[in-house]
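Working notes, structure below.
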Amino acid sequence: MAQKVKCSHILVEKQSQALQIFEEIKKGKKFGAAAREISTCPSKKKDGDLGYFTKGMMVKEFEDVAFNLEVGEMSAPVKTQFGYHIIKRLG
């Protein structure tokens, strides 16, 4: 299990929005462009890049997914107290 991971994410309020953007990315839309357009997180200015983080820095639901992705892999929408995230592991 990785000690730290680097991820980008897209955060939206509604599951329907998350599912729609997830499908658009699977069809070829660039993750960073989608983050800049739709994400409600300030990280959208950096294509959703959250940088490196270790266990305990993010909410559990987010970490459980982020630490189990392969590098380059994108998650299906993940619900947390903040909304719905699509997570992409960068490193």
For this session: Can you list which of the trypsin sites (Lys or Arg not before Pro) found in the range 46-91 are DSSP loop residues with at most 15 other C-beta atoms within 10 Å?
Result: K55
Exercise. By how many nm would the segment from N68 to K14 lengthen if fully extended, with 0.36 nm per residue of separation less the alpha-carbon distance?
Worked result: 17.1 nm
Seminar exercise, completed: In the neighbourhood of S43 defined by beta carbon distances under 14 Å, the net charge of the other residues (Lys, Arg +1; Asp, Glu -1) is +3
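Mind checking the dipole of the range 4-89: about its Cα centre, +1 per Lys or Arg Cβ, -1 per Asp or Glu Cβ, Debye to the nearest 20?
Result for the range 4-89 is approximately 220 debye, rounded to the nearest 20.
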Seminar exercise, completed: Between the Cα axis of helix 15-26 and the main Cα principal axis of the chain, the angle (0 to 90°, nearest 10) is 90 degrees
Problem set entry | Kirkwood hydrodynamic radius of the chain, Cα pairs, Å | 12.7 Å
For this session: Multiply the residue gap between Q3 and A33 by 0.36 nm, knock off their C-alpha separation, and tell me the result in nm, one decimal place.
Result: 8.0 nm
For this session: Can you check what the net charge comes to around F53, using other residues whose Cβ is under 15 Å from the Cβ of F53 (Lys, Arg +1; Asp, Glu -1)?
Result: +3
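Values in this text are rule-based calculations from the coordinates and carry no lab data. Just so you know, these numbers come straight off a predicted model, no measurement behind them. A quick note on method: Cβ atoms are made from the backbone with ideal geometry, for glycine too, and the neighbour counts reach across all protein chains shown.
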